[in-house]
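Novice: Shown below is the structure under consideration.
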Amino acid sequence: MEKTKYSKIYRIIHWAIAVSFILLLITIFLRLTWMNKYNMAAIIEDYLISAEQSLSQDQLLVLAKKIRQPMWNWHIYIGYVLVGLFSIRFILPAFGQMKIQNPFSKNLSTKKKIQKWTYLIFYICVIVSLVTGLIIELGPKELKKPMEEIHVLGIYYLIAFMVIHLAGVLIAEFTEQKGIISRIVSGSKDKD
């Protein structure tokens, strides 16, 4: 079996995108759990009660949102980084680097077709997430709510893709593509 060689630019882009996705997931996780506006409002309210002070529920929610806003700004900054990384990712094939997967190629095994379709669907989902994120931040206010509804769905494809990707890499590493992990990390060749 032919072993894929990964160029330095491929590896840099791959890992920059991977780290960006992990950081995005962390901001989403924090927003949905510990830094949920209702949890934070309850913590603030408990403190104010102990200090014999109070705020309305609306005021508590506004304060909670303000406290977590710097963390959420990182979600936005990382989104901009991903727009740049994916722009580079889609420009590189014009220079012979990081060719886009083509699931329509003839003579592909069923396994290869599934792999290529998975990447194609992933890229489409990422583009939708990046475009909706940009519209939320930079677009007209009347589009913000419908774009947020679409954008939020990104967590599902992202987690699904990461699980599928990691499972596929591990299966490949322990079957026909031994050394795939070291090649994507360091670019080193196997010693068969």
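Novice: Tell me which DSSP H helices of the chain clear both cut-offs, 15 Å or more of axial length from alpha-carbon atoms and a mean Kyte-Doolittle hydropathy of at least 1.0.
Specialist: Numbers: long enough: 8-32 (36 Å, 1.76); 37-50 (20 Å, 0.36); 57-91 (49 Å, 0.52); 110-138 (41 Å, 1.06); 141-152 (17 Å, -1.05); 154-173 (28 Å, 1.89).
Result, helices passing both filters: 8-32, 110-138, 154-173.
Novice: In addition: Find how much the distance from Trp72 to Lys113 grows on full extension, using 0.36 nm per residue of separation minus their present alpha carbon separation; answer in nm with one decimal.
Specialist: Fully extending the segment from Trp72 to Lys113 adds 11.0 nm.
Novice: Still on this structure, I have one more. Check cross-link reach from Lys65 to the lysines: straight Cα distance under 18 Å, and skip same-chain residues fewer than eight apart.
Specialist: Lys37, Lys144, Lys145
Novice: Evaluate E = 1/(1 + (r/R0)^6) for Ile12 and Ile121, where r is the Cβ-Cβ distance and R0 equals 30 Å; express this FRET efficiency to the nearest 0.05. Write down the numbers at each step before the final one.
Specialist: Working: r = 24 Å, r/R0 = 0.80.
For Ile12 and Ile121, the calculated efficiency is 0.80.
Novice: Quick one: Cα convex hull volume of region 1-95, Å³ per residue?
Specialist: Taking only Cα atoms, region 1-95 has a hull volume of 119 Å³ per residue.
Novice: If the chain between Tyr38 and Glu173 were fully stretched, how many nm would it gain, using 0.36 nm times the residue separation less the Cα-Cα distance?
Specialist: Working: separation 135, 0.36 × 135 = 48.60 nm, distance 4.39 nm.
Working it through step by step, the gained length comes to 44.2 nm.
Novice: While we're on this one: What's the extension gain from Met162 to Phe104 if we count 0.36 nm per residue and subtract their Cα-Cα distance?
Specialist: 18.5 nm
Novice: Using the Cα centre of the chain as the reference point, and only Cβ charges (+1 on K/R, -1 on D/E), how large is the resulting charge dipole? Debye, rounded to the nearest 20.
Specialist: The calculation lands at about 1120 debye.
Novice: Let me ask you something else. Take the Cα atoms of region 84-192, build their convex hull, and give its volume per residue in Å³.
Specialist: Dividing the Cα hull volume of region 84-192 by its residue count gives 145 Å³.
Novice: Divide the volume of the convex hull of the Cα atoms of region 8-186 by its number of residues and quote the answer in cubic angstrom per residue.
Specialist: Residue-normalised Cα hull volume stands at 154 Å³.
All of the numbers you see were taken from the coordinates with simple rules; none came from a lab. Given the structure is predicted, the values throughout are model-derived calculations rather than measurements. With ideal geometry, Cβ positions are generated from the backbone for all residues, glycine too; neighbour counts draw on all protein chains shown.
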